[in-house]
Amino acid sequence: MTRQGRIDRSLGMDRDITRRDFLGSTLLGSGAMLLEMPAPVRRWMQQQQDGMVVPDWGSYGGVGDYANSYGNTEAVVRAAHAVRTGVYRSLPADVTDTGETYDVVIVGGGFSGLGAAYEFKRSASPGQTCLLLDNHPIFGGEAKRNEFAVNGMRLIGPQGSNGTVAPETRANVIGELHEDLGIPMSFEFQRWDAERFKPLEFAKENYGFMLWGDASESNGYFFDQRDGSSSPTWATDVWRKDMEGTPWPEDVRRDFLAWRGNTHRPPVGENAQRWLDSMTLQHYIENVLGLAPQVSQFLHPILASGLGLGADVLSAYRAYASGVPGFDGLGNPRPQVGMEDIPWISFPGGNTGLARFFANFIIPGAITGSGSLEDVITGGVNFDTLDHPGRPVRMRLASTVVHVQHEGSPGSAGRAVVAYTKEGKAYVVHARTVVMASGSWMNRNIVLDATDALRQAWAGLTYASILSINVALTNWRPLYELGLTACRWFSGFGFSGNIRRPMVFGDYDPPLDPDQPIVFTMYVPFVYPGLSAQEQGIRSRTELVVTPYADYERRVREQLVRLFGTAGFDPREDIAGIILNRWGHAYIVATPGFHFGTAEQPAPSNVIRGGHGRVRFGHSELNGHQHWIGAVTEGRRAAREALEQVG
């Protein structure tokens, strides 16, 4: 056996575990970045431009309702590549006209599309009809879930969209949606047995512990020789302990604490928000506040895993609006709280639970059962009911929209043609109005009669990738021995991970016990400081797509050994399954000028919201922060505009 073979065996690469690879959006750019890649990658990217895709995408699957929804399937990607290369600018001669005409056709079944369908269901006049077309085998967009069966237990983790707020009252938009959709106003989470085990704090979701609820003894920062530490060490609750245990020099520690407690108000003039949107966050931190570059470097992966890319390209206003520290002097104070104190929560599969409630409201009976929390989360999807004739709202899955064009001049046409592909064949439906609840990276290739202003706005948008990984553990005793439930590291693979306090309801009652199975969720952002946002986006998608599953699996195992090996972690015995969730266009990147525009260009989101003839646009990207409530709000707005046009 070779040395690498012995290492792989020690890591458990030969073990029979649940391996799933969910590949997200993967349309790639081209140009200068292509020339920087090694020869094999250049050849692969050239194949993409020629319409080819990575082989064996269809060799991976899942379980339950999401068995066939492993990100963008091979069929979806082939169709998308065909759109990009102009195959459907003219409809094929054998296209089938279904003869259907709908008042509203919604393109996209993520939260924006579900929000648009929800608004149609609530506001449409009797007799009006709506069709939602989605390219995936199941609705939800990135709100999908990974499921494991470990030692007879059902474990569920989020593929993508993750994190919401349980409303304490009904006097807010989230509370109103909960009430209308039948979602409970409060939730029960698994109890930690403090009599049997030492005190620990658990997040109820997989993101807030990174920055917003990080004041906790159970939230550890790992350092070793690669990070400047003399030996491997964990530091906990570093902000309330004045950075004790970190390897940074004293002056850098002071700057970190100054950033977290900053109350300075810069001379911003009358419009602080527009001023912040004129610069990157890194410029604000290093040039306005005068702090060490290590502060920006600390933030790069945190921001990239939630907002697309790092502080070097992200608008300072976007960070301000997202509650990033450093803006107390501008009226955005940030109290230091622990993981249990922030109101963020997660359903078992992340925001998949919310998406299923939307679907069940839009099409009653879409989910088996009574509509209770237990039934909606754990029940099966009644796929046969989704596209049933006679319903006011129909949902047609595995249908990739490839062509949208007005029937005549956009200013006077009464209808638009919407073409989609399904199982290799092209179909046409007709729409009195269209809601494009899909991302602009596709819309720019689909809406064929778009104006120059729209095309200029689309060209100014940049997207970045994320890889989220769910690792099913047979036990988490090593974390317990270290006193940790969440952690951050500064070199190696990824940068953060945690286990969460599971939501419980009905018969769904996952244990919270260090000797029982649980899901450990990791985030792997892609940041390349020094490159432009567009170059970083292209490079991130390339790296995400061309890396084989085995390479990622090996790096996951190596990183977990590095973090927890001294506490007894054994990758051969302790890992029951690994699921990769690759999302190529996970995030819009709100670069300076995105929100308020510049002297030369208006904000692209304002141009896109203006619509085009009988086509309305509503997608979470228009907010510069892709979260479910913003997505639903944009979709609802677009649907209201569409219904006003129909009359």
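For the reader, a short list of remarks on this structure follows.
- Only listed residue being assigned to a helix (DSSP H, G or I), of a type outside the set (A, V, I, L, M), surrounded by fewer than 20 Cβ atoms within 10 Å (Cβ to Cβ) and touching a residue at least 60 places away in the same chain (Cβ under 8 Å), chosen from Arg554, Arg539: Arg554
- Those strands (runs of 3 or more DSSP E) lying entirely in the stretch 112-207 with at least 1 residues over 23 Å from the mean Cα position of the chain (by Cα) and farther than 23 Å from Gly439 by Cα: 145-150, 153-158
- Selection from the stretch 320-347 of residues that are among the hydroxyl-bearing types (Ser, Thr, Tyr) and closer than 28 Å to Ser186 by Cβ: Ser322, Ser346
Here's the yes/no breakdown for (1) under 18 Å from Gly64 (Cα atoms); (2) in contact (Cβ under 8 Å) with a residue 40 or more places away in the chain; (3) open to solvent by less than 50 Å² (accessible area, probe 1.4 Å):
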{"residue": "Gly371", "(1), (2), (3)": "no, yes, yes"}
{"residue": "Arg391", "(1), (2), (3)": "no, no, no"}
{"residue": "Ala398", "(1), (2), (3)": "yes, yes, yes"}
{"residue": "Ala416", "(1), (2), (3)": "no, yes, yes"}
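- From the list Gly245, Gly323, Gly308, Gly269, the one residue that fits, being small (Gly, Ala, Ser), buried (at least 24 other Cβ atoms within 10 Å of the Cβ) and touching a Phe, Trp or Tyr at 6+ places or on another chain (Cβ under 8 Å), is Gly308.
- Check on Phe564, part of a helix (DSSP H, G or I) and not basic (Lys, Arg): yes
- Qualifying positions in the stretch 564-623 - more than 26 Å from Leu544 (Cα to Cα), of a type in the set (Val, Ile, Thr) and open to solvent by less than 10 Å² (accessible area, probe 1.4 Å): Ile608, Val615
- Meets criteria (farther than 30 Å from Ser218 by Cα, of a type in the set (A, V, I, L, M, F, W, C), assigned to a loop (DSSP other than H, G, I, E, B) and open to solvent by 20 Å² or more (accessible area, probe 1.4 Å)) for Ala453: no
- Checking each residue in the stretch 148-179 for being under 25 Å from Trp212 (Cβ atoms), open to solvent by 50 Å² or more (accessible area, probe 1.4 Å) and polar (S, T, N, Q) picks out Thr169, Asn172.
- Qualifying residue in the stretch 405-424 (condition: in a helix (DSSP H, G or I) and among the aromatic types (Phe, Trp, Tyr)): no
- Complete set of residues in the stretch 441-491 that are within 30 Å of Leu91 (Cα to Cα) and either of a type in the set (Val, Ile, Thr) or free of Cβ contacts under 8 Å to residues at least 60 places away in the same chain (or both): Arg444, Ile446, Val447, Thr451, Asp452, Arg455, Ala459, Thr462
- Gly213 meets each of the listed conditions (1) closer than 22 Å to Pro525 by Cβ; (2) small (Gly, Ala, Ser); (3) open to solvent by 40 Å² or more (accessible area, probe 1.4 Å) apart from (3).
- Residues that are at pLDDT below 95 and buried (at least 21 other Cβ atoms within 10 Å of the Cβ), drawn from the stretch 472-514: Ala472
- Here Gly350 meets each of (1) surrounded by 21 or more Cβ atoms within 10 Å (Cβ to Cβ); (2) in contact with a Leu (Cβ under 7 Å, 6 or more places away or on another chain); (3) not basic (Lys, Arg) with one exception, condition (2).
- Which numbered condition His283 fails, given (1) under 22 Å from Trp248 (Cβ atoms); (2) modelled with pLDDT under 95: (2)
- Boolean, Arg145 is charged (D, E, K, R) and crowded, with 24+ Cβ neighbours inside 10 Å: yes
- Hits in the stretch 592-647 (condition: free of Cβ contacts under 8 Å to residues at least 12 places away in the same chain and in a helix (DSSP H, G or I)): Asn606, Gly630, Glu644
- Among the candidates Gln273, Gln225, Gln294, residue that is without any contact (Cβ under 8 Å) to a residue 40 or more places away in the chain and not aromatic (Phe, Trp, Tyr): Gln225
The values are calculated or read from the model by the stated rules, or taken from the named source; none is laboratory data. Since the model is a prediction, treat every value here as computed from it, not as a measurement. As a convention, Cβ positions derive from the backbone with ideal geometry for all residues, glycine included, and neighbour counts pool all protein chains shown. Accessible surface is based on the protein model in full, side chains and every heavy atom, while ligands, DNA and RNA are left aside. Shrake-Rupley method; radii C 1.70, N 1.55, O 1.52, S 1.80 Å.
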